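Throughout, read-outs are computed from the coordinates displayed, never taken from laboratory work. Just so you know, these numbers come straight off a predicted model, no measurement behind them. All Cβ positions, glycine included, derive from the backbone under ideal geometry; neighbour counts span all protein chains shown.
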Amino acid sequence: MIWGSTKIKKLESIEFIAENELMPFYPKIDEFLNQINQIILDKNQQTKLALCGLLAGGHVLFEDLPGLGKTTLASSLSHLTGLDFQRIQFTNDMLASDVIGINMFNQKEHQFEFKHGPIFTQILLADEINRCSPKTQSALLEAMEEGFVTVDGTRYELPKPFWVVATQNPLFQSGTYALPESQLDRFLMRLSLGYPSRSAEKILLQQSSRHTLIQSLSAVFSQMEILKLQERVKHISVNDVALDYILDLTEETRKERHGLSTRGVLALKQAAQAHALVEKRNYVIADDIQAVFVAVTAHRLGLGETEACNLMQRVSVRG
């Protein structure tokens, strides 16, 4: 009995220490969301999920028509996180070397030198990614999965954190290529900003340009703080009730269709942990899983948001 009591007290102590480690970040999370929601108006849920993606270390895909604020959001995120930012405008004639870099011969040194491509950054905006060919799209696969790129047999490590915010246009637009399933699976979430509300659009018309407002933003986090938060997300507690709920949802996706892969299941857990942290908790509840479910699973299952939401509502929480 004494050993058991000691063990329980030790576990409670670990949780208390973890909560204390997170508490200094909570005001910064509030400030981050407050500032970004002054730039991206009336899209509080999307900005929160974008932050969850960053803290979970998972890449985010935005699917929208051009001109709805995707680039503005990515640029705002880079300013508020204090991370380096690069933007690649994908076109149908772009080559893989335009993304990752190329070995060039240095005549002075009489040897080849690797010239880094724009992928060597911390936040990469891959703008209109589905306008380039599948071969060029595949140049991102290794980078997104492992944080490395390989050129002529040599591996180069990317900066940390490395986060891809990609945008794609609807496939009904001309000059687009559907992203292969293997690449879609590399994105933790798929989000859509959509059109702003009438009131938000009126404010946009009255205010200065978004570019001017973005330049006025100051960093809320540092690089080391982002890395520390990404590490803490991995240790957010997920109890048996939450795990069973994730598995029940997974089983529902696999009925009469190609369902969620094991990678997708892990992504759902990871995103829920990040959401719990943003909600100032060191443990996951069903609300966290529900908040991220559609964004994490719809693109993996080939479903629309409404279909994925209906699927989720068919599964109840145990206990």
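For the listed peptides 118-124, 257-263, a ranking on the average number of other beta carbons within 10 Å per residue, highest first, reads 118-124, 257-263.
Can you work out the PRE-style zone for SER216? Point 7 Å along Cα to Cβ, and I want the residues of the range 32-56 with backbone N under 19 Å. What the label zone holds, given the 19 Å backbone N cut-off, is 32-43. Note on the range 18-235: dipole from Cβ charges, positive end direction compared against GLY82, LEU229, ASN92; the farthest Cα belongs to GLY82.
With contacts taken as Cα pairs under 8 Å and at least 6 residues apart, the chain reaches a relative contact order of 22 percent. Summarising the label geometry, the points placed 7 Å from Cα in the beta-carbon direction at ARG263 and CYS309 lie 2.8 nm from one another. The distance separating the Cα centre of the range 255-319 from that of the range 37-54 comes to 18 Å. Given the choices [x] 5, 24, 32, 25, 10, 3, 1, 0; [y] 7, 27, 33, 22, 9, 2, 0; [z] 6, 27, 38, 24, 5, 0, P(r) over Cα pairs in 10 Å bins from 0, in percent derived from the coordinates of this structure is entry [x]. Taking Cα centre as origin and charging only the Cβ of basic (Lys, Arg, +1) and acidic (Asp, Glu, -1) residues, the dipole magnitude of the chain rounds to 280 debye. Suppose R0 equals 41 Å. What FRET efficiency, 1/(1 + (r/R0)^6) with r the Cβ-Cβ distance, do ASN37 and ASP152 give to the nearest 0.05? Using R0 = 41 Å, I get an efficiency of 0.35. Connecting C-alpha atoms closer than 10 Å in a GNM of the chain, tell me which of SER182, SER216, SER138 has the biggest fluctuation. Largest GNM mean-square fluctuation: SER216.
Using a ≥ b ≥ c from the Cα gyration tensor of the range 223-301 (square roots of the eigenvalues), is it rounded, prolate or oblate, where a/c under 1.5 gives rounded and otherwise the larger of a/b and b/c decides, a/b for prolate?
Prolate shape, in that a/c is at least 1.5 and a/b is the bigger ratio.
Scalar couplings 3J(HN,Hα) for the range 54-69, obtained by applying the Karplus form with A = 6.51, B = -1.76, C = 1.60 to θ = phi - 60°, are 5, 5, 7, x, x, 6, 10, 10, 9, 10, 7, 5, x, x, 9, x Hz; x denotes Gly and Pro. Across the range 31-39, rounded Karplus estimates of 3J(HN,Hα) from the backbone phi angles (6.51 cos²θ - 1.76 cosθ + 1.60, θ = phi - 60°) give 5, 4, 5, 4, 5, 5, 6, 7, 8 Hz, Gly and Pro being marked x. Computed extension gain for ASP244 through LEU65, at 0.36 nm per residue and net of the alpha carbon distance, reaches 60.7 nm.
Separation of the range 190-244 and the range 71-113, taken as the distance between their Cα centroids, equals 24 angstrom. Extension gain, GLU21-ARG254: 0.36 nm per intervening residue step, less the Cα-Cα distance, totals 80.0 nm. Calculated [222 nm] ellipticity per residue, helices only, for the chain: -15000 deg cm²/dmol; basis is -39500 (n - 2.57) per DSSP H run with n ≥ 4, divided by all residues, nearest 500. Taking THR81, THR150, THR176 as the candidate residues, the one with maximal mean-square fluctuation in a Gaussian network model of the chain, Cα springs under 10 Å, is THR150.
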